[in-house]
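Since the structure comes first, as structure tokens, the remarks are kept for the end.
The values are calculated or read from the model by the stated rules, or taken from the named source; none is laboratory data. Quick caveat: nothing in here was measured; it's all calculated off a predicted structure. Cβ placement follows ideal geometry from the backbone for every residue including glycine, while neighbour counts extend to all protein chains displayed. Only protein heavy atoms, including side chains, enter the accessible area calculation; ligands, DNA and RNA are left aside. Shrake-Rupley method; radii C 1.70, N 1.55, O 1.52, S 1.80 Å.
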Amino acid sequence: MRTHYCGELRSTHGRQEVTLCGWVDRCRDHGGVIFIDLRDRTGTVQVTVDPEGSPQVFRQAEQVRNETVLRISGAVRLRPEASVNPKLATGAVEVVATGLTVLNSIKGTLPFAVSVHDEEPVREELRLRHRYLDLRRQRMQRNLALRHQVMQTARRFLDEQGFLEVETPMLTRSTPEGARDYLVPSRVCGGEWFALPQSPQLFKQLLMVGGLERYYQLARCFRDEDLRADRQPEFTQLDLEMSFLSQEQILTLNEHLVARLWKTALGVEVPIPFPRLRWSEAMARYGTDCPDTRYGLELTDVSDLVAGLNFKVFSQAVARGGVVKCLAVPRGNERLSNVRIKPGGDVFAEATSAGAGGLAYIRVREQGVLDTIGAIKDSLGPEQARALLERCGAEPGTLLLFGAGEAATVNKALDRVRQFLARELQLIPANTWNFAWVVDFPLLAWNKEDQRLEALHHPFCAPHPADVHNLPQARAQAYDLVLNGLEVAGGSLRIHSATLQQQVLEVMGFSAEEARRQFGFLMDAMEMGAPPHGGIAYGLDRLVMLLAGEESIRDTIAFPKTQQARCPLTAAPGPVDARQLKELHVASTWVEPHQN
């Protein structure tokens, strides 16, 4: 069908006879000579159709529309210097057509322009409904080629490190302590269900018990959860597990993997090792366990300095076991008006949308603390004011924003305000990749709704050896890799003792019988010589999103779902025949909502 790809032709191909296949990117008639930009996935090349040299081909070319599928034969020639197109890799040559075959024509109207010359913003729903067209566009071609490059680079690196690629089951059993499962009814085992895997967690641990020592997989995972720009009901993990490595050895190996990915994909040298931040330190300084460290605006705990003030918002928050934290905004006085930080303002709205009651503030002038809420101003003595400004590193012109209340709410609100102000005030440096490991997470967290302890990551994280005798307060040997404020990977050392695993499950509220029913096979395996092991999983879709500079992982996946977990292209999910449900021993209780 073809001798060459469109995007590979260069001046060295001059005078060669070639046959190309591709799509018409655009067609132009310039004074009786037709120029066709022919496109395949490697690029675009100009095809010239001259009526004098090939009248039959010219008549065919006159009928060609954009996105028509063509096979073109002709000779490569150098373009005159004045007509060289420096924007194209093939811009120094053109193909003089001597043959043209229409392999498929366009029957209707294109829902949107595909050519890079006409590429305009298109509603995402329309792009997804006609994804086959969207995939032809330069943006998606580039993103999927990048995704391929990342996957192949990871495979090569892990092969060098002695890892084996092993596939784990897609049909498994439902286990607790995660997001909602996608369930699959069993036809042959009536009344019983498979679950699609949320991760290969248990199987990769069993592979370590099986002596494989170093495993990886590009694993398809499924979670029935509410969606965001960086979430999908089905997604891909780069999943790793290793035996006989310490936490520091695992972190070091993964730093070299990430450095290889960035060097190969972007040509960027990422400095290693990455900084390590304890979870408690990240929460104290940034209010989040996914801190963006590209800019300052760190939080400062001033609870002890304001506990005795007459300003009740502060003093009562501390008295009730809460905190008061401050976000110091350099030059905030000139850049942020009172309107923006009071009720109705955009900065105020960021805080309240995260659960805060509002923002208190102090503006620092040359002569000291002024222009603040009256109650704060009246209750701050000179020494207290001086201590506060010193603690916050405030200089004349600084705006101090305060959050007061429960620690979780204050952290969430000020983290949100911090990120908002960094964007608004253009404090984020361009083309900067700030990686950091967050370590020493709490092993367990209190679930207010269920009134019980639950695993912060999952129940199989190993507690810190020094904390084994105080599991409710234990630190986990867990680690997250954070990049520019987003988690891109997470992992831990695993529990490899059945006794310790049983103890952790008991602290979480599992009875011995329930633990045995859910995880008996894992604990049985641990009693058969399980090695010390640990691992990590990367969100591949999110990783490629960051490398590609996209805002949504949907632009790095060939056929994604919408935020309603639907596929506009295939209209999935959809109804099935009643006979299929009967065979599966399943009946639907769904009732259409009342239409007003």
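Just to be sure, is T42 touching a Lys or Arg at 6+ places or on another chain (Cβ under 6 Å) and either modelled with pLDDT of 95 or more or closer than 29 Å to R15 by Cβ (or both)?
Details: touching a Lys or Arg at 6+ places or on another chain (Cβ under 6 Å): no; either modelled with pLDDT of 95 or more or closer than 29 Å to R15 by Cβ (or both): yes.
So T42 does not fit the description; no.
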message: Residues that are acidic (D, E), in a loop (DSSP other than H, G, I, E, B) and on the phi > 0 side of the Ramachandran plot: does the stretch 98-118 have at least one?
response: no
- Query: Could we say that M545 is assigned to a loop (DSSP other than H, G, I, E, B) and at pLDDT 95 or above here?
  - Reply: no
When the stretch 132-173 is checked residue by residue, the ones that are open to solvent by less than 50 Å² (accessible area, probe 1.4 Å) and not in a helix (DSSP H, G or I) are L135, R137, G162, F163, V166, T168, T172
By residue number, the members of the stretch 3-57 that are open to solvent by 70 Å² or more (accessible area, probe 1.4 Å), of a type outside the set (D, E) and closer than 25 Å to R139 by Cα are Y5, R10, W23, R26, R41
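Please work out if V438 is open to solvent by less than 20 Å² (accessible area, probe 1.4 Å), closer than 28 Å to L251 by Cα, part of a strand (DSSP E or B) and among the β-branched types (V, I, T). I'd like the intermediate steps shown before the answer.
Details: open to solvent by less than 20 Å² (accessible area, probe 1.4 Å): yes; closer than 28 Å to L251 by Cα: yes; part of a strand (DSSP E or B): yes; among the β-branched types (V, I, T): yes.
Yes.
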Of the residues in the stretch 223-244, those that are more than 21 Å from the chain's Cα centre (by Cα), crowded, with 19+ Cβ neighbours inside 10 Å and hydrophobic (A, V, I, L, M, F, W, C) come to M242
The helices (runs of 4 or more DSSP H) lying wholly within the stretch 278-350 that contain at least 3 residues that are open to solvent by less than 70 Å² (accessible area, probe 1.4 Å) are 279-286, 303-306, 312-319, 338-341
Residue hits (the stretch 581-596; open to solvent by less than 90 Å² (accessible area, probe 1.4 Å), modelled with pLDDT of 90 or more and out of contact with any helix residue (DSSP H, G or I) (no Cβ under 8 Å at 6 or more places or on another chain)) are L581, L584, V586
Checked against (1) within 41 Å of the chain's Cα centre (by Cα); (2) under 18 Å from T98 (Cβ atoms); (3) of a type in the set (A, V, I, L, M, F, W, C), V49 satisfies every condition except (1)
In the stretch 497-534, anything of a type outside the set (A, V, I, L, M), over 20 Å from Y215 (Cβ atoms) and touching a strand residue (DSSP E or B) at 6+ places or on another chain (Cβ under 8 Å) is listed as G509
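When the stretch 369-379 is examined, which residues are found to be surrounded by fewer than 21 Cβ atoms within 10 Å (Cβ to Cβ) and either touching a strand residue (DSSP E or B) at 6+ places or on another chain (Cβ under 9 Å) or at pLDDT 60 or above (or both)? Give the steps one after another, and end with the answer.
Narrowing the stretch 369-379 to residues surrounded by fewer than 21 Cβ atoms within 10 Å (Cβ to Cβ): 369-375, 377-379.
Correct list: V369, L370, D371, T372, I373, A375, K377, D378, S379.
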Of (1) in contact with a Leu (Cβ under 9 Å, 6 or more places away or on another chain); (2) open to solvent by less than 70 Å² (accessible area, probe 1.4 Å), T264 fails just (1)
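Among the candidates A525, A489, single out the residue that is assigned to a helix (DSSP H, G or I), small (G, A, S) and at pLDDT 95 or above. It would help to see each step written out before you state the result.
Numbers: A489 fails: assigned to a helix (DSSP H, G or I).
Exactly one residue qualifies, and that residue is A525.
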Of (1) over 17 Å from Q237 (Cβ atoms); (2) open to solvent by less than 60 Å² (accessible area, probe 1.4 Å); (3) within 16 Å of the chain's Cα centre (by Cα), V488 fails just (1)
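Among the residues of the stretch 16-52, write down those that are within 13 Å of E94 (Cβ to Cβ) and either assigned to a loop (DSSP other than H, G, I, E, B) or aliphatic (A, V, I, L, M) (or both). Full working, then the answer.
Step one: filter the stretch 16-52 for residues within 13 Å of E94 (Cβ to Cβ), giving 16, 18, 20, 28, 30, 33-38, 44-50.
Of everything in the stretch 16-52, those that are within 13 Å of E94 (Cβ to Cβ) and either assigned to a loop (DSSP other than H, G, I, E, B) or aliphatic (A, V, I, L, M) (or both) turn out to be Q16, V18, L20, V33, I34, I36, L38, V45, V47, V49, D50.
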Residue pairs within 8 Å by beta carbon, gap of at least six or interchain, first lying in the stretch 244-263 and of a type in the set (F, W, Y), second assigned to a helix (DSSP H, G or I) and modelled with pLDDT of 95 or more, listed first then second, are W262/L547
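Somewhere in the stretch 541-556, is a residue among the small types (G, A, S), open to solvent by 50 Å² or more (accessible area, probe 1.4 Å), out of contact with any Leu (no Cβ under 6 Å at 6 or more places or on another chain) and touching a residue at least 12 places away in the same chain (Cβ under 8 Å)?
From the stretch 541-556, those among the small types (G, A, S) are 548-549, 552; that's our starting set.
Of the ones still in play, those that are also open to solvent by 50 Å² or more (accessible area, probe 1.4 Å) are 549.
Checking which are out of contact with any Leu (no Cβ under 6 Å at 6 or more places or on another chain) leaves us with 549.
After this cut, where a residue has to be touching a residue at least 12 places away in the same chain (Cβ under 8 Å) as well, the list is none.
Among the residues of the stretch 541-556, not one is among the small types (G, A, S), open to solvent by 50 Å² or more (accessible area, probe 1.4 Å), out of contact with any Leu (no Cβ under 6 Å at 6 or more places or on another chain) and touching a residue at least 12 places away in the same chain (Cβ under 8 Å), which makes the answer no.
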